[in-house]
Amino acid sequence: MNVHESEKISGLLNSHGYSKTYDIENADIIVFNTCCIRDTAEKKILSKIGDLKALKRKNKDLIIAIVGCMTQQKGKAENILKSYNYVDIILGSNNHLDLVKYINELPKKKKIIKIESLENNNLIENFPICRDSKYKAYVNITYGCNNYCTYCIVPYVRGSEISRDPEKIISEITNLLKNGVKEITLLGQNVNSYKFENVDFNKLLSMIDNIDVVENFWIRFMTSHPKDFNSEIIETIANSKHLCKSIHLPLQSGSNKILNLMNRKYTREQYLNIIKNIKDNIPNCGITTDIMVGFPYETEKDFLDTIDILEKAKFINAFTFVYSKRNGTPASEMPQISAEIKKDRIMRLIKKQNEIAKNLSNKYINNTYTAFVESYDNKNKHFITRLEDGKQVNINSSDKSILGTFVKVKIINAGISALLGEII
Ligand code: SAH
Ligand code: SF4
């Protein structure tokens, strides 16, 4: 989601005559689009801001701006300025689209901090977006979140959930497709709770699936929430032309006690039922998940309940996290688990998931699939393609014209996170 926010910030600066550079030494403006969802993300950004001290000393005209949700935390902006007094602009997650206005005000004002409360979150439409790819794109369908999972800072720093007008969504997608984009990912913290007047998520998916400006395109969406993921969505995907057979369904924990403490509003039994329903109705659907270990009160038994779901659900990929305390969230007040236990559990979790993913990956070998060629990896000198179920397939080819097209591939080898294929 932050990648897409950065595309909007780039688009905004671009429309005011600025252009992107990868040469940090010669940049006029450096913008940090921050994320505070986990402590590690926040520490990484602060260390990068620290690295700029020498550059700012050398180039007094350099403007350093910090935007995004990290700044929205109580007292954070003031703390950043205290530790890094060479930062010029700090904007909240609701104010970053005014960045250019504040850059222009800088000669008059020495420092600018603008952090608005997120109460009246008005949606701004039709702003310029400088997309990283010509072939795949992200489209927001909702902003913010109302779920208040007890570990999560998002509702406090991104505000309440708002759904975009479906007409605006359809029009953005139609334009992207007309301009050659072939793979679109719909974005929201909980896409399943999308609701605009009488259009719910299921209806929105059907409307998008019926867009007929081009013949071939793929639609993905994230993130789904098990409490709102229903069988209608499964049916819509099963009967669709363009919706990928790929579902990202965060589990977080396999223990009912922990799910309850997390305020997730589903049980392990309900989660496993959804998985069964998906597998029964969407053959070969790729299911991925997010899992967290080390949440307060998590015992060895709770952790083993998570491992048990891993074994039963067989995710093709899992994003695994160590719980990190976020100030202001209910879980931060609960008794915390030791770093050693967290480390031990995350390592065992990753090991188990890697075994499962490797076994699943082997099943692709010698089979043929349609893959979408997303990008070229200059470092590893191969194309990155993706199957409908979300699995990544790397392909060696000298034919640059395959970029942004659908190709037929045969899988010749399998790793844990990516497969190796050849065009047939
Ligand atoms: N809205 C989505 C995504 C939230 S952020 C959802 O509900 O799943 C992506 C992932 O970050 C979450 O799924 C969760 O696993 C992880 N996460 C969120 N807060 C965290 C925290 N305090 N510590 C560790 N991981 C966290
Ligand atoms: Fe955070 Fe829960 Fe909302 Fe996801 S659904 S953003 S984890 S509060």
At pLDDT 90 or above and within 16 Å of ligand 2 (Cβ to nearest atom): is that true of Met1 in this structure? no
Any residue at all in the stretch 92-109 that is modelled with pLDDT under 85, among the basic types (Lys, Arg) and under 22 Å from Gln73 (Cβ atoms)? no
Taking the stretch 315-332 and keeping only residues that are more than 15 Å from ligand 2 (Cβ to nearest atom) and small (Gly, Ala, Ser), one is left with Ala318
Of everything in the stretch 276-293 that's within 16 Å of ligand 1 (Cβ to nearest atom) and buried (at least 21 other Cβ atoms within 10 Å of the Cβ), which residue is farthest from Ser255 (Cα to Cα)? Ile287
Assess whether Lys108 counts as being within 24 Å of Gly328 (Cβ to Cβ), surrounded by fewer than 19 Cβ atoms within 10 Å (Cβ to Cβ) and not assigned by TED's automatic domain parsing to the domain that holds Thr329. no
Criterion: away from ligand 2 (no atom under 16 Å from the Cβ), among the basic types (Lys, Arg) and closer than 18 Å to Ser224 by Cα - qualifying residue of Lys265, Lys257, Lys245, Lys312: Lys245
Check whether at least one residue in the stretch 129-151 is out of contact with any Lys or Arg (no Cβ under 8 Å at 6 or more places or on another chain), within 16 Å of ligand 2 (Cβ to nearest atom) and without any contact (Cβ under 8 Å) to a residue 24 or more places away in the chain, and report yes or no. no
Among residues belonging to the stretch 378-423 that are in a loop (DSSP other than H, G, I, E, B) and among the hydrophobic types (A, V, I, L, M, F, W, C), point out the one that is nearest to the chain's Cα centre (by Cα). Ile416
Given (1) at pLDDT 95 or above; (2) buried (at least 19 other Cβ atoms within 10 Å of the Cβ); (3) not in a strand (DSSP E or B), index of the condition Tyr138 fails: (3)
Within the stretch 220-240, residues of a type in the set (A, V, I, L, M, F, W, C) and surrounded by fewer than 17 Cβ atoms within 10 Å (Cβ to Cβ) come out as Ala238
Any chance the stretch 197-209 includes a residue that's within 16 Å of ligand 1 (Cβ to nearest atom), out of contact with any Cys (no Cβ under 8 Å at 6 or more places or on another chain) and at pLDDT 95 or above? yes
From Asn79, Asn126, residue being over 19 Å from the mean Cα position of the chain (by Cα), on the phi > 0 side of the Ramachandran plot and open to solvent by 50 Å² or more (accessible area, probe 1.4 Å): Asn126
Restricting attention to the stretch 204-219, does a residue exist that is surrounded by fewer than 20 Cβ atoms within 10 Å (Cβ to Cβ), touching a residue at least 60 places away in the same chain (Cβ under 8 Å) and not aromatic (Phe, Trp, Tyr)? yes
Residue within the stretch 56-68 that is more than 28 Å from Lys134 (Cα to Cα), within 16 Å of ligand 1 (Cβ to nearest atom) and of a type in the set (Asp, Glu) present: no
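Any idea how many residues of the stretch 156-202 are more than 23 Å from Asn216 (Cα to Cα), open to solvent by less than 30 Å² (accessible area, probe 1.4 Å) and free of Cβ contacts under 8 Å to residues at least 40 places away in the same chain? Outline the logic, then answer.
Taking the stretch 156-202 as the starting set, the residues that turn out to be more than 23 Å from Asn216 (Cα to Cα) are 156-165, 188-200.
This time we only want the ones that are open to solvent by less than 30 Å² (accessible area, probe 1.4 Å), so: 157, 159, 163-164, 188, 190-192, 194, 199.
Within this subset, residues satisfying the condition of being free of Cβ contacts under 8 Å to residues at least 40 places away in the same chain are 163, 199.
Counting residues in the stretch 156-202 that are more than 23 Å from Asn216 (Cα to Cα), open to solvent by less than 30 Å² (accessible area, probe 1.4 Å) and free of Cβ contacts under 8 Å to residues at least 40 places away in the same chain gives 2.
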Only unsatisfied item for Cys36, checking (1) modelled with pLDDT of 90 or more; (2) not in a helix (DSSP H, G or I), is (1)
When restricted to Lys48, Lys20, the only residue outside any helix (DSSP H, G or I), open to solvent by 20 Å² or more (accessible area, probe 1.4 Å) and among the basic types (Lys, Arg) is Lys20
Return the total of residues in the stretch 311-362 being open to solvent by 70 Å² or more (accessible area, probe 1.4 Å) and within 11 Å of ligand 1 (Cβ to nearest atom). 3
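For every residue, the table says whether it meets (1) open to solvent by less than 60 Å² (accessible area, probe 1.4 Å); (2) modelled with pLDDT of 95 or more.
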position: Thr385; (1), (2): yes, yes
position: Asn394; (1), (2): yes, yes
position: Ser397; (1), (2): yes, no
position: Lys400; (1), (2): no, no
position: Thr405; (1), (2): yes, yes
position: Lys408; (1), (2): no, yes
position: Leu419; (1), (2): yes, yes
position: Ile423; (1), (2): no, yes
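The values are calculated or read from the model by the stated rules, or taken from the named source; none is laboratory data. Just so it is clear, the structure is predicted and the values come from calculations on it, not from any experiment. FYI the Cβ positions are ideal-geometry reconstructions off the backbone, even for glycines, and counts take in every protein chain you see. Just the protein is used for accessible areas: all its heavy atoms, side chains included, with ligands, DNA and RNA removed. Shrake-Rupley method; radii C 1.70, N 1.55, O 1.52, S 1.80 Å.
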